[in-house]
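Let me begin by presenting the structure, written as structure tokens, before commenting on it.
What follows draws every value from the coordinates through simple rules; no lab data is involved. What you see is a predicted model; the values in this text were computed from it and never measured. Quick reminder, even Gly has a Cβ in these numbers, built from the backbone with ideal geometry, and neighbours come from all protein chains shown.
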Amino acid sequence: MRPHYASEKDSQDVQDLLQACGLPADGVAEQLGNFLVVRDNAGLLGCAGVENYGQVAVLRSVAVAERARSAGLGELLVAAMLAEARTRGVQSVVLQTTTAAGYFARLGFERVERACMPPELLRTALSREACPASATLMQAAL
Ligand SMILES: CC(C)(COP(=O)(O)OP(=O)(O)OC[C@H]1O[C@@H](n2cnc3c(N)ncnc32)[C@H](O)[C@@H]1OP(=O)(O)O)[C@@H](O)C(=O)NCCC(=O)NCCS
């Protein structure tokens, strides 16, 4: 199973998985080309998305179906996203999470203050989550 870029046929499955995981699915259809997915014969196993803002990228929508958890898929998807961002010259990857700060800390992300973020990001990608004020903001330097 290897992550590959999502196409139109993945759109509904990605949105369904995000909804099942309690993550926002807004903008997914438009951003689909920036999503990696992993599937097996029974359907979608996991996804991760990225939004690009020059040297900064926002990692979003990291989700793994319950039937596939704790097998390293989440880590695989994040690593693939970081590697891909690195090849594009991205220097810093940012994410926000309300439930998985410990998980992303294990993958090399560190907590960062909201005030350290570029204002453009705060207005756009980082304002979209359901509760931005309470979300933990994290960053990984590439
Ligand atoms: C977080 C998530 C993507 C992890 O996917 P996964 O493929 O199961 O993760 P991996 O196999 O790479 O890693 C599993 C390990 O992470 C730990 N882990 C899983 N979710 C965690 C969380 N929310 N916080 C801390 N650790 C977590 C597991 O306990 C497991 O630990 P172990 O190896 O010591 O047993 C998955 O649990 C998920 O989709 N959760 C719901 C959506 C979500 O919260 N996404 C992140 C916000 S963007």
Loop trypsin sites (Lys or Arg not before Pro), segment 10-89, which have at most 15 other Cβ atoms in a 10 Å radius of their Cβ (DSSP): R69, R88
Of S92, S61, S70, which has the largest mean-square fluctuation in a 10 Å C-alpha GNM of the chain? S70
Over the chain, what is the relative contact order in whole percent, taking alpha-carbon pairs under 8 Å and six or more residues apart? 20
Which value in deg cm²/dmol, rounded to the nearest 500, describes the helix-derived mean residue ellipticity at 222 nm for the chain, given -39,500 (n - 2.57) per DSSP H run of n ≥ 4 and division by the residue count? -7500 deg cm²/dmol
Spin-label model distance (nm) - A105 vs R67, 7 Å beyond Cα toward Cβ: 3.3
In debye, nearest 20, what is the charge dipole magnitude of segment 4-141 about its Cα centre with +1 on Lys and Arg Cβ and -1 on Asp and Glu Cβ, if you could check? 300
Give the residue from N34, A141, V64 lying farthest towards the positive end of the charge dipole for segment 4-141; charges sit on Cβ (+1 for Lys and Arg, -1 for Asp and Glu) and the dipole is referred to the Cα centre. A141
Karplus (6.51, -1.76, 1.60) ³J(HN,Hα), θ = phi - 60°, over segment 16-24, in Hz, Gly and Pro reported as x: 5, 5, 4, 4, 4, 8, x, 10, x
V62's amide H: which non-local residues (gap 5+, or another chain) put their own amide H closer than 5 Å, with H modeled 1.01 Å from N in plane and none for Pro or chain starts? G49
For q values of 0.11, 0.16 Å⁻¹, compute log₁₀ I(q)/I(0) with the Debye formula on a Cα-only model of the chain, without solvent. -0.36, -0.80
